[in-house]
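Worksheet: one structure, shown below.
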Amino acid sequence: MLWFVGTGINGHLGLSLAAVDVLKKCDTIYVERFTSLLGKEELAGLDSIIGKKAVPVQRWFVEDGREILEAAKEKQVALVTYGDPLIATTHSELRTRAAAGSIKTGVLHAASGIASIMGECGLHMYKFGRTVTMMSEPKSAISVYNTVFDNLLLGCHTLVLTEYSHDEQKGAFFLDPCTAVRMLLDVERDQRHGVISEDTFVIVASRIGAEDSRIVSGKIKSLAGVGFGQGPHSLIIPGSLHFTEHDALEALTVSLDPPSDNAKSTRRISVQMVERYAPKAKEALQQMRNILRKEQGNNKGMFEVLDNAEFYIADAERFLSQGKHELAVLSMGYAEGLIDALRFQKGINPWNP
């Protein structure tokens, strides 16, 4: 049988009585150390409580899983994890493989670090959007940036878990929160969607569950000089704030700035496009009309084309006000297409008067 046992957020002291009872009966106990840090003192404390020696294992061992599953066919085996045992997809996948191989499994849930971070900040659980992990590779920041963007468009908060890794020789590595926000600012300079700025309000939760836990909130420019110490760290980029969340952030965190709504200034790309291109298209239309009026000959058909282009611009702005963003962009594209058609026919460029 294979047991999945969570310690909760307080290390070995967070183990339930039921979990301790199960672990004492297990033949083999593995402790994974890649979802969060369980140091030597924690491992020693676990060994002392259960009266036997647990085996610490790395990510590759759990992901491979063959040795764990093979042992669980004949013996009582446990995989001990930080927080709740089924938050990590690696653990859920191992449980699925065990079930597919007719290996009985049991789960002893515990406090989740994710839920604890949300709760300790005083934010409403149901207002969180998709959770994402920030790694130290630059490409990771692009995925995080896009997730924050999508969540803010819905007015939702984003929980950003930061990279943690453990090496027996080098020790633990925690991605520093200041490094994480700098990476997001770098992405903003490339994408320019108005998602992250120096004025973005961010919450940094460090070592939740430990005696020296700390939650600091403020604008990115205010957080830049803060030393957050040892990890693990998590970031929350809040969206729309209920007044009770606003009050909680001021009361429960080290608040460097008044809490602010990051969702207010976040707009869809389609909205940004129409707002940017509509004035330019109107200027180009007027420029084209002025040119045609000065010319000799019958340009009635061309004026009709320009009228249609103007109608499309009006449609784009109306669709935008109705929240029909795709239709707004489509109408704007038709308008620009008609203007460009006349541009090529007449050999003039109204876009650069």
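The values are calculated or read from the model by the stated rules, or taken from the named source; none is laboratory data. As the structure is a prediction and not an experimental result, all values here were calculated from the model. Cβ atoms come from the backbone with ideal geometry, glycine included; neighbour counts cover every protein chain shown. We work out accessible area using only protein heavy atoms, side chains counted, and drop any ligands, DNA or RNA first. Shrake-Rupley method; radii C 1.70, N 1.55, O 1.52, S 1.80 Å.
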Considering only DSSP beta bridges with both partners in the chain, what is the antiparallel share in %, to the nearest 5? 45
Note, Cys26: beta-carbon cut-off 11 Å, +1 each Lys/Arg, -1 each Asp/Glu, net +2
Would you kindly give the portion of the calculated P(r) for the stretch 26-106 that falls above 21 Å, as a percent of all Cα pairs? 25
For Lys282, give me every one of the lysines with a C-alpha distance below 30 angstrom, ignoring sequence neighbours fewer than eight places off in its own chain. Lys264, Lys294, Lys300, Lys324, Lys346
Stick to Cα atoms and the Kirkwood definition of Rh, then tell me Rg/Rh for the stretch 137-256. 0.97
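Among the complete DSSP H segments of the chain, which ones combine at least 20 Å of alpha-carbon extent along their axis with a mean Kyte-Doolittle hydropathy of -1.0 or more?
138-153, 177-191, 269-294, 300-321, 325-346
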May I ask you to order 197-207, 133-143 by the average number of other C-beta atoms within 10 Å around their residues, highest value first? 197-207, 133-143
Shape of the chain, Cα gyration tensor, a/c cut at 1.5: prolate
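Compare His325, His109 by solvent-accessible area with a 1.4 Å probe and give them largest first, with all protein chains kept in place.
On the way: His325 40, His109 115 Å².
Ranked list, largest accessible area first: His109, His325.
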Just report the Cα centroid separation between the stretch 98-112 and the stretch 1-70, whole Å. 14
Enter the Cα centre distance for the pair the stretch 261-318 and the stretch 196-251, rounded to the nearest angstrom. 44
So for the stretch 199-252, using the alpha carbon gyration tensor with a ≥ b ≥ c as root eigenvalues (a/c under 1.5 gives rounded; past that, a/b versus b/c decides prolate or oblate), I'd call it oblate
